[in-house]
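K.L.:
Okay, here's the structure, questions in a sec.
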Amino acid sequence: MNTLRLALAYARRRPLATLLNVLLLAVGVATITLVILLTGELEARMHREAAGIDLVVGAKGSPLQLILAGIYHADAPPGNVPLSEVLELRKDPLVREVIPLALGDSYRGYRIVGTEPALVAHYGAALAAGRLWSAPMDAVLGSEVARATGLSPGATFAGTPGRGGGGAQHRGTPYRVVGVLAPTGNVIDRLTLTGIDSVWQVHDAHGHAAAGPAEHDGEPEAREVTVALVKYASPIAAVRLPRAINARTSLQAASPAYETARLLTVFGVGTDVIRGFALLLVGASALGLFVALTQALDERRHDLAIMRALGASRARLVAVLLLESTLLALLGLALGLASAHLLAASVGRWLPAAATLAGGASTWRPEEWGVVALALGAGILATVLPAWRAYRLDVAATLADG
Amino acid sequence: MFVLTGVAQRYGRTPAVRIDAWRAQPGEHWLLAGDSGSGKTTLLHILAGLTTPTEGSVVVGGTDLATLAGSARDRWRGRSVGLVPQRLHLVAALDVRSNLLLAQFLAGLPQDRARVDELLAALGVGDLALRYPRQLSQGQAQRVAVARAVVNRPALVLADEPTASLDDSHAAATLRLLRQQAEATGATLVVASHDARVRPLLPHTRMLAQTPR
């Protein structure tokens, strides 16, 4: 016999109430933790994918759209800009690197990006098979694209206009897979890369207006790209370059750091609502625990009195009650944390759009310590009044009142 | 074994119990007699250190209870006093054996399962060790409560109306049991009862007068 076994015996005696409170707490804990894991991973991922890119330059429009299209490949771009103007940026001493991207088609929902090999270097991606593109219509697949489509070097495929999986394919100008990249955990895993001229060639063949005038002139002036990723050469560029670019009539510069922060603030409102709801659940479970313990105390006051008669001190009674509620809180906490991590790991199955956030499941975020404190605090708070009443129990009167 | 001197317990201005002097030798078996409301239970609680009398001194086994406070008094009680309350108050969440182990645990004594099982067997409830209190008959529960009271070999065993709900033969058997168990450890026994059947079964009687209202 010891305090732990005594506490367990009491928890076992009321299995339904115990189970209900544990589950209620577990649901609250799981909800909060899941929000923490997913938003944490989202933020980490957004920062990771934007890392190293100081500025995105593209057509005038929404700067956020420019970032979403140019870095996260999660939106259609605002429009095209002349390649010549983008290349002009390379002459600026404040600019260290310019990587132009021509966006337009996709294959099975994965975007095809016309760019330069510098993009591969930027994301630190290595070739898992084959080689990089060299001729028009050569294509290199990101690891996820290769996995999802099952294509390997030597295979051919035709792109579809836009980002969707449907639509008329450019059957006349198929791409040929020449290489596959190793996984990086970055957005490049979900891209199909090719030379910029491939994109032009596809659209010239189909007479798409988006890719500029027809094939009769191969001069760069007439060619267009969608966005350019810019890296600064010096910190001064952050002050001068965006203003200088925005002052021009056709170009717009958007800062990934700023736009990402703005986007996360917008998300934050939504996740705050979920967090608030989860807090409510934890509060409800604390209240349930409080009611259960207080009710149990009425039934148990004779037990507590006889325990005092058998030599237990007041502190011992408080310890038994505290241990009991702490055990339940720990159980709910463990159950909640475990299910949150399991749910996060399988997030792709119930929320395909969030599949890329599953990576957060295996990490322990510092905010989770807050959840631990919250759950244990709720358990202890629920015990304060019952424990106080146990402490103040009039043993003689309770034994005598039958 | 214990000496009560000028003890009175009042609730407000009404004295619940008053006893000028009472001295018991070690190993003596006493009946504490008196009508309902004469303060028998209160006096047992005073002897057990559960209630501090408003007046007088209580010395049990050489210890002046006034000198014991808080957890020291709880500790003393756990080791020195065995109480069989009128309603028994077995802990419903624990089986019979655990109820006895609980008494050892709460008294801060080593938990001796052999002693527990031996005692249960001696009291004729050896086969009920794994039953829960709600599965016991009144007579069985009473035996378990007696076992719990003597398991720590206390110097003083107190029983509150142990025969109240029993028929004649069971009443006599319970008294015999209490006396046997007290004798086995040399404990002083005090049985509080208004039951006339008990009187011839105990050698010493202390009568509590109805307190003046």
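The values are calculated or read from the model by the stated rules, or taken from the named source; none is laboratory data. Computed from a prediction, not measured in an experiment: that's the story for all the values here. A quick note on method: Cβ atoms are made from the backbone with ideal geometry, for glycine too, and the neighbour counts reach across all protein chains shown.
K.L.:
Using the structure shown, decide if A:Trp364 is part of a loop (DSSP other than H, G, I, E, B) and under 23 Å from the mean Cα position of the chain (by Cα). Break it down into steps so the answer makes sense when it comes.
P.N.:
On the way: part of a loop (DSSP other than H, G, I, E, B): yes; under 23 Å from the mean Cα position of the chain (by Cα): yes.
It is true that A:Trp364 is part of a loop (DSSP other than H, G, I, E, B) and under 23 Å from the mean Cα position of the chain (by Cα).
K.L.:
When only residues in the range B:125-152 that are within 14 Å of another protein chain (Cβ to nearest Cβ), among the hydrophobic types (A, V, I, L, M, F, W, C) and not in a helix (DSSP H, G or I) count, which is surrounded by the fewest Cβ atoms within 10 Å (Cβ to Cβ)?
P.N.:
Among them, the one singled out is B:Leu130.
K.L.:
Just to be sure, is B:Gln180 farther than 25 Å from B:Pro15 by Cα, touching a residue at least 12 places away in the same chain (Cβ under 8 Å), out of contact with any strand residue (DSSP E or B) (no Cβ under 9 Å at 6 or more places or on another chain) and loosely packed, with under 14 Cβ neighbours inside 10 Å? Give the steps one after another, and end with the answer.
P.N.:
Numbers: farther than 25 Å from B:Pro15 by Cα: yes; touching a residue at least 12 places away in the same chain (Cβ under 8 Å): no; out of contact with any strand residue (DSSP E or B) (no Cβ under 9 Å at 6 or more places or on another chain): yes; loosely packed, with under 14 Cβ neighbours inside 10 Å: yes.
No.
K.L.:
I'd like to verify a number: residues in the range B:65-92 that are within 8 Å of another protein chain (Cβ to nearest Cβ), part of a helix (DSSP H, G or I) and either among the aliphatic types (A, V, I, L, M) or touching a helix residue (DSSP H, G or I) at 6+ places or on another chain (Cβ under 6 Å) (or both), how many?
P.N.:
1
K.L.:
Take the range A:232-259 and flag every residue that is among the β-branched types (Val, Ile, Thr) and either under 27 Å from the mean Cα position of the chain (by Cα) or in a loop (DSSP other than H, G, I, E, B) (or both).
P.N.:
A:Thr249
K.L.:
A further question follows. What strands (runs of 3 or more DSSP E) completely inside the range A:19-134 contain at least 1 residues that are surrounded by fewer than 22 Cβ atoms within 10 Å (Cβ to Cβ)?
P.N.:
On the way: elements: A:55-59, A:95-107, A:110-115, A:127-130.
Answer list for the range A:19-134: A:55-59, A:95-107, A:127-130.
K.L.:
Another question, if that's okay. Which residue pairs have Cβ atoms under 9 Å apart, sit 6 or more places apart or on different chains, and have a first residue in the range B:86-107 that is among the acidic types (Asp, Glu) and a second that is in a loop (DSSP other than H, G, I, E, B)?
P.N.:
Between residues of the range B:86-107 that are among the acidic types (Asp, Glu) and residues that are in a loop (DSSP other than H, G, I, E, B), the close pairs are B:Asp95/B:Ala129; B:Asp95/B:Leu130; B:Asp95/B:Arg131; B:Asp95/B:Tyr132.
K.L.:
Among the numbered conditions (1) closer than 22 Å to A:Asn186 by Cα; (2) modelled with pLDDT under 90, tell me where A:Leu55 comes up short.
P.N.:
(2)
K.L.:
OK, next. Of the residues A:Asp272, A:Asp303, A:Asp298, only one is surrounded by 19 or more Cβ atoms within 10 Å (Cβ to Cβ), in the same structural domain as A:Ile32 (by TED's automatic domain parsing) and among the acidic types (Asp, Glu); which? Spell out the reasoning first.
P.N.:
Working: A:Asp272 fails: surrounded by 19 or more Cβ atoms within 10 Å (Cβ to Cβ); A:Asp298 fails: surrounded by 19 or more Cβ atoms within 10 Å (Cβ to Cβ).
Only one candidate passes the filter, namely A:Asp303.
K.L.:
I'd like to check something: does the range B:117-124 contain any residue that is within 26 Å of A:Ala400 (Cβ to Cβ) and away from chain A (no Cβ under 14 Å)?
P.N.:
yes
K.L.:
When you go through B:Gly49, B:Gly62, B:Gly34 one by one, which is the residue that is closer than 20 Å to B:Thr185 by Cβ and in contact with a helix residue (DSSP H, G or I) (Cβ under 6 Å, 6 or more places away or on another chain)? Explain how you work it out, then say what you get.
P.N.:
Working: B:Gly62 fails: in contact with a helix residue (DSSP H, G or I) (Cβ under 6 Å, 6 or more places away or on another chain); B:Gly34 fails: closer than 20 Å to B:Thr185 by Cβ.
None of the other options fit; the residue is B:Gly49.
Rundown of residues vs (1) hydroxyl-bearing (Ser, Thr, Tyr); (2) over 27 Å from B:Ile46 (Cα atoms), yes/no style:
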| position | (1), (2) |
| --- | --- |
| B:Asp127 | no, yes |
| B:Pro133 | no, yes |
| B:Leu136 | no, yes |
| B:Gln142 | no, no |
| B:Ala147 | no, no |
| B:Arg153 | no, no |
| B:Leu156 | no, no |
| B:Thr163 | yes, no |
